[in-house]
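Asker: I have a structure here, written as C-alpha cells, and I will follow up with some questions on it.
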Amino acid sequence: MKIALCHLEVSCGPQESNLAKIERAVEIAGERGARIVVTPETAVQGYYFHRLDEARKLEAQPAPYLDSLRKTVAEKKVYLLLGCGEYVPETGKHHNSCLVFAPDGSLQSRHRKIYGEKLGSEKWASPGDAVSTTKCDGMNVGVLVCADSWFDERPLALKKQGADLLIDIAAWPETKETGNPLPSWKKVTKITGLPFIVCNQTGKTKWMDMTIGESIAIQDEVVKCKYSGAEALLLLEFDTVKNKILSEKFEVVPL
C-alpha cells in the first residue's frame with residue numbers, strides 16, 4: 001500500500017485556500033497510486049482559526065463545503081484522513097477531529113482529539129472520550145490527533161482494538177513549551193510494537209514556527225522516513241501483510 005502525507009502550510013488559512021491545497025494534494029496522491037491520504041491537524045479551518053477570528057462558527061461535519069473534496073476522494077478512490085474542526089448539534093460541543101472518508105467519498109468514521117485543555121489555540125475545542133480503529137482496505141488503522149500520542153493509554157487502547165498501524169495528524173514542531181515530540185513518538189512504537197506515522201504541517205506564524213515540524217514514519221523506535229520544510233506531498237510504501245514500513249525515505253513531491 002502507498003500512503004501519502006500532505007505536509008502543508010494551512011495553520012492560518014483561509015479555509016478556501018486550505019481546501020484547494022488539500023484537494024490538489026489528493027488528486028496528485030491518487031494519480032501516484034496512494035490508497036491512504038493524510039492531512040495535518042485542523043487542516044480545513046487552519047490550526048489558528050480561533051486566534052484569528054474568535055467569533056468564527058463551526059459547522060456540523062461533513063459540511064457542504066467539503067462536497068468538492070469528497071468528490072475528488074471518490075474519483076481517486078482513496079481513503080482520506082482529514083483534520084477538521086466540527087460542531088456537534090446534539091451536545092453543543094466543538095471538537096478537534098480527524099474525519100475519515102471512504103473511497104466512495106462517504107464519511108466512514110471520526111476521531112475527536114481527547115487531549116484538550118481549552119487553552120491557547122485550542123480553547124474552542126472540547127475533548128473527545130474514546131479512540132477507535134477504522135478499516136482501510138482490510139487494515140485496522142488507529143487514528144490519533146497530535147498530543148493524543150503523548151499519553152500511553154491511547155495508543156495502547158488502539159493496539160488492544162487490533163490496530164495494525166497508527167496514524168497521528170499533528171501541528172507539533174519542537175518548541176520550548178512542548179519540547180521535542182520525537183521521544184514520545186518513538187515510545188509509541190516501543191509500547192505497542194506497531195508502526196507509527198505522523199503527518200505534520202509547515203509554515204511560520206507569530207505563534208509558532210512549524211517549518212521545523214517533522215512528518216515522520218517510525219518502526220520499532222527507528223525513524224524510517226522524515227521530512228520538514230516547504231510544502232510537499234510525502235509518499236511511502238507500507239507492507240499490509242507484515243505491517244511494516246518499507247520505505248527508507250519519503251518520495252517527496254513539491255506542491
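The values are calculated or read from the model by the stated rules, or taken from the named source; none is laboratory data. Quantities reported herein were computed from a predicted structural model and do not represent experimental measurements. Cβ: placed from backbone, ideal geometry, glycine included. Neighbour counts: every protein chain shown.
Asker: Yes or no: region 87-98 includes at least one residue that is within 26 Å of Cys12 (Cα to Cα) and assigned to a loop (DSSP other than H, G, I, E, B).
Answerer: Scanning region 87-98, I find at least one residue that is within 26 Å of Cys12 (Cα to Cα) and assigned to a loop (DSSP other than H, G, I, E, B), so the answer is yes.
Asker: From the list Ser68, Ser17, pick out the single residue that is without any contact (Cβ under 8 Å) to a residue 40 or more places away in the chain and either touching a Lys or Arg at 6+ places or on another chain (Cβ under 6 Å) or surrounded by fewer than 18 Cβ atoms within 10 Å (Cβ to Cβ) (or both).
Answerer: Residue meeting the stated conditions: Ser17.
Asker: From the list Trp172, Trp185, which residue is modelled with pLDDT under 95 and surrounded by 20 or more Cβ atoms within 10 Å (Cβ to Cβ)?
Answerer: Being modelled with pLDDT under 95 and surrounded by 20 or more Cβ atoms within 10 Å (Cβ to Cβ) holds for just one of Trp172, Trp185, which is Trp172.
Asker: May I pose another question? Can you find, within region 42-57, the residue that is surrounded by the fewest Cβ atoms within 10 Å (Cβ to Cβ) among those that are touching a residue at least 40 places away in the same chain (Cβ under 8 Å) and in contact with a strand residue (DSSP E or B) (Cβ under 9 Å, 6 or more places away or on another chain)?
Answerer: Of everything passing the filter in region 42-57, His50 is surrounded by the fewest Cβ atoms within 10 Å (Cβ to Cβ).
Asker: Same structure, new question: Suppose the filter is free of Cβ contacts under 8 Å to residues at least 60 places away in the same chain, of a type in the set (Ser, Thr, Tyr) and more than 16 Å from Thr39 (Cβ to Cβ); does Thr240 pass it?
Answerer: Answer is no for this residue.
Asker: Here's something else I'd like to know. Filter region 37-74 down to the residues that are of a type in the set (Phe, Trp, Tyr) and assigned to a loop (DSSP other than H, G, I, E, B), then identify the one that is nearest to the chain's Cα centre (by Cα).
Answerer: Looking at the filtered set, the residue picked out is Tyr47.
Asker: Of all residues in region 181-222, which are under 22 Å from Lys242 (Cβ atoms) and among the acidic types (Asp, Glu)?
Answerer: Asp220, Glu221
Asker: Search region 205-220 for residues that are under 29 Å from Gly193 (Cβ atoms) and pair each with any residue that is among the β-branched types (Val, Ile, Thr) and part of a loop (DSSP other than H, G, I, E, B) when their beta-carbon atoms are under 7 Å apart and the residues are at least 6 apart or on different chains.
Answerer: As it stands, the answer is Gly213/Thr202, since those pairs meet every condition given.
Asker: May I pose another question? Looking at Ala20, Ala4, Ala34, can you tell me which residue is farther than 19 Å from Lys123 by Cβ and either β-branched (Val, Ile, Thr) or part of a loop (DSSP other than H, G, I, E, B) (or both)?
Answerer: Ala34
Asker: Any residue that is of a type in the set (A, V, I, L, M, F, W, C) and under 27 Å from Lys186 (Cα atoms) - is there at least one of those in region 84-97?
Answerer: yes
Asker: Can you tell me which residue is nearest to the chain's Cα centre (by Cα) among those in region 231-245 that are surrounded by 14 or more Cβ atoms within 10 Å (Cβ to Cβ) and in a loop (DSSP other than H, G, I, E, B)?
Answerer: The selected residue is Glu231.
Asker: Do we find that Gly162 is more than 20 Å from Thr39 (Cβ to Cβ) and either modelled with pLDDT under 95 or touching a Lys or Arg at 6+ places or on another chain (Cβ under 9 Å) (or both) in this structure?
Answerer: Against the criterion (more than 20 Å from Thr39 (Cβ to Cβ) and either modelled with pLDDT under 95 or touching a Lys or Arg at 6+ places or on another chain (Cβ under 9 Å) (or both)), Gly162 does not qualify.
Asker: List every residue pair whose Cβ atoms sit under 7 Å apart, with the two residues 6 or more apart in sequence or on different chains, where the first one lies in region 138-163 and is among the hydroxyl-bearing types (Ser, Thr, Tyr) and the second, anywhere, is not in a strand (DSSP E or B).
Answerer: Taking only residues 6 or more apart or on different chains, the pairs are Ser149/Pro155; Ser149/Ser184; Ser149/Trp185; Ser149/Val188.
Asker: Looking at (1) crowded, with 20+ Cβ neighbours inside 10 Å; (2) closer than 23 Å to Gly229 by Cα, can you tell me which one Glu86 breaks?
Answerer: (2)
Asker: Sticking with this structure for a sec: Checking Lys190 against (1) under 15 Å from the mean Cα position of the chain (by Cα); (2) at pLDDT 95 or above: exactly one of these is not met. Which one?
Answerer: Lys190 satisfies every listed condition except (1).
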